[in-house]
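Structure, as structure tokens:
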Amino acid sequence: MDEEFSEEELLEKAEKPGEDALRLHPFYKGKIQTNPKCSIRSFEDFGIWYTPGVAEPCREIDEDPEKVFEHTNKANMVAVVSDGSRVLGLGNIGPKAGLPVMEGKALLFKYLGGVDAFPITLDTEDPEEIIRTVKILEPSFGGINLEDFANPKCFEILDTLREEMTIPVWHDDQQGTASIELAGIINSLEIVGKDLEEATYSIIGAGAANVALTRVMFTAGVPPKNVIISDSTGILHEGREDLEKNKDYNPYKWDLAKKTNGEGRTGGLEETIRDTDVLVAASAPGPDTLKKEWIEKMNDDAIVFVVANPVPEIWPWKAKEAGARIVGTGRSDFPNQINNSIGFPGIFRGTLDVNAKTITDEMAIAAAHAIAETAREKGLREDYVVPTMDEWEVFINQAVAVGQKAIEQGIARNELTKKELEESARSRIEKARKWTQSAMEEGLIEEPPEE
């Protein structure tokens, strides 16, 4: 346990963000708004920005549709789209209850990545309707961020849209989470002196985040046989008749059952975790989803990432008491925040700056290495395996790495140099932060009321 706090104080600290959220959300009535980015010297300027002047850029775009990226903000606009069917650790709460999360996502996009993002929650859970809706939004946006869609339809939605749209579409719960988790794994293994390709991994939960994590891990060099995955029924293996029976409905889980778990383990969570080096849990919120005695059965110098929100599967101090050497959660109020907020703003920044057609797993892996390297430059510690959100260079480093990888893979419409990528990312992120700070100083964004 943290020596500075008692368990009671730690629990109180863990509950504080939720209490503040209930107080401050009604005060601000939302977290984002739109503001002009052009100068307005006098009312005559509206003749340029609107009628009659606006007709000229419209005519140019009509003659050459690619001019839309030159005359509008499309290249920097992302839609954050959700149906609210699997929000954080809250489950299927629907599009209205999910809207605060999507607004928060848009806020992080802007402040951390300089990306203009708009929350769009859909009043349908039908995959075909969702796919059609997102496709017809394409003219307005430079990218699509899918968020909090339930498993397994999230895979169908993502795969279809990536194939059929000409702008990048990704599901942040998949590739975004995988990027930051892979970065954390790389650096944690370096601290404990273990090898990525030789370590053994227990994965708790077989939803979108962990399915994508395993795919990215395999691409990064982790042998599938070294990975043991458990869902709510138990360990995935070829003998699971329920998985084979439902393989048409969820082919992703059946595929993992066939190629992972080289030992052929069976059983539940305790057996999944036993004798593994790295545990990644993205399952039901805790704090008692995972037991201390299960963590105790991991290998020496165990690495434990429990990323369920709003409450991790086990409190980090409990995992440390059980013998884990490195522990990360998805929360910003504990050390080692393994959360996609460290990843998606920089990844999309680099993607948009080169006007990439998609976001590949290789781009996500490039981002993971950029995240890991940023932390290594600061000096790794057991309580610091990935950068924090206030280390803004991590987003610039990712943007550069992702943009370069997109150019290397031949999917970038704009080919920028490393220096150009860095300057573009730094400028956009710096402006977003300065605008917010200036608005606060001028009183345009009010100070929150005291408790």
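Overview of results
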{"read-out": "Cα-Cα over 25 Å, subset of K37/K110; K31/K253; K31/K418", "value": "K31/K253; K31/K418"}
{"read-out": "Fewest-first ranking of M77, M102, M440, using other Cβ atoms within 10 Å as the exposure measure", "value": "M440, M77, M102"}
{"read-out": "3J(HN,Hα) from dihedral phi, the stretch 99-107, Karplus parametrisation 6.51/-1.76/1.60, rounded to Hz, x for glycine, proline", "value": "4, x, 5, 5, 5, x, 4, 4, 4"}
{"read-out": "Cα shape, the stretch 6-157, gyration tensor, a/c 1.5 rule", "value": "oblate"}
{"read-out": "Rounded Å value of the spacing that divides the Cα centres of the stretch 334-407 and the stretch 210-252", "value": "26"}
{"read-out": "Percent RCO, i.e. relative contact order, over the stretch 353-451, from Cα pairs under 8 Å lying at least 6 residues apart", "value": "33"}
{"read-out": "³J(HN,Hα), Karplus 6.51/-1.76/1.60, whole Hz, each residue of the stretch 141-154, x for Gly, Pro", "value": "10, x, x, 10, 10, 7, 9, 6, 9, 5, 8, x, 4, 4"}
{"read-out": "For the chain, calculated [θ]222 nm from helices alone, where every DSSP H run of n ≥ 4 adds -39500 (n - 2.57)", "value": "-14000 deg cm²/dmol"}
{"read-out": "Computed lengthening from D275 to R325, 0.36 nm per intervening residue step minus Cα-Cα distance", "value": "16.6 nm"}
{"read-out": "Extended-chain gain in nm, criterion 0.36 nm per residue less alpha-carbon gap, E244 and E408", "value": "55.2 nm"}
{"read-out": "Compactness of the stretch 175-329 as Cα Rg over 2.2 N^0.38 Å, two decimals", "value": "0.95"}
{"read-out": "Beta bridges by DSSP in the stretch 175-329, antiparallel share as percent, to the nearest 5", "value": "10"}
{"read-out": "Packing-based order for 419-425, 45-51, 193-199, using average beta carbon neighbours within 10 Å, highest first", "value": "419-425, 193-199, 45-51"}
{"read-out": "Beta bridges per DSSP with both ends in the chain, % antiparallel, nearest 5", "value": "15"}
{"read-out": "Mean separation of Cα contacts under 8 Å (6+ apart) over length of the chain, as relative contact order %", "value": "15"}
{"read-out": "Derived scalar couplings ³J(HN,Hα) [the stretch 226-231; Karplus, 6.51 cos²θ - 1.76 cosθ + 1.60; whole Hz; x for Gly, Pro]", "value": "8, 10, 10, 10, 10, 9"}
{"read-out": "Anchor K258: lysines whose Cα lies under 27 Å away (excluding residues fewer than 8 positions away in-chain)", "value": "K153, K194, K225, K245, K247, K297"}
{"read-out": "Relative contact order computed over the stretch 3-140 (Cα-Cα under 8 Å; 6+ residues apart), in percent", "value": "19"}
{"read-out": "Cβ crowding within 10 Å averaged over residues, with 373-379, 404-410, 20-26, 224-230 ranked highest first", "value": "224-230, 404-410, 373-379, 20-26"}
{"read-out": "Stokes-Einstein D for the chain, Kirkwood Rh over Cα pairs, 25 °C, 0.890 mPa s (µm²/s)", "value": "107"}
{"read-out": "Rounded if a/c under 1.5, otherwise prolate or oblate - the stretch 366-447, Cα gyration tensor axes", "value": "oblate"}
{"read-out": "Label-point separation, K292 to T388 (7 Å along Cα→Cβ), nm", "value": "2.7"}
{"read-out": "Dipole of the chain [Lys/Arg +1, Asp/Glu -1 at C-beta], most positive-end residue of F344, G403, G267", "value": "G403"}
{"read-out": "Full-stretch length increase - L11, L444 - with 0.36 nm per residue and alpha-carbon distance subtracted", "value": "152.4 nm"}
{"read-out": "Alpha-carbon Rg/Rh ratio, for the stretch 212-280, with Rh computed the Kirkwood way", "value": "0.94"}
{"read-out": "Dipole magnitude (debye, nearest 20) for the chain, charges at Cβ of Lys, Arg, Asp, Glu", "value": "660"}
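Quick note: the coordinates plus some simple rules give every number you see, no bench work behind them. Quick caveat: nothing in here was measured; it's all calculated off a predicted structure. Cβ coordinates were reconstructed from backbone atoms using ideal geometry, including for glycine residues, and neighbour counts include every protein chain displayed.
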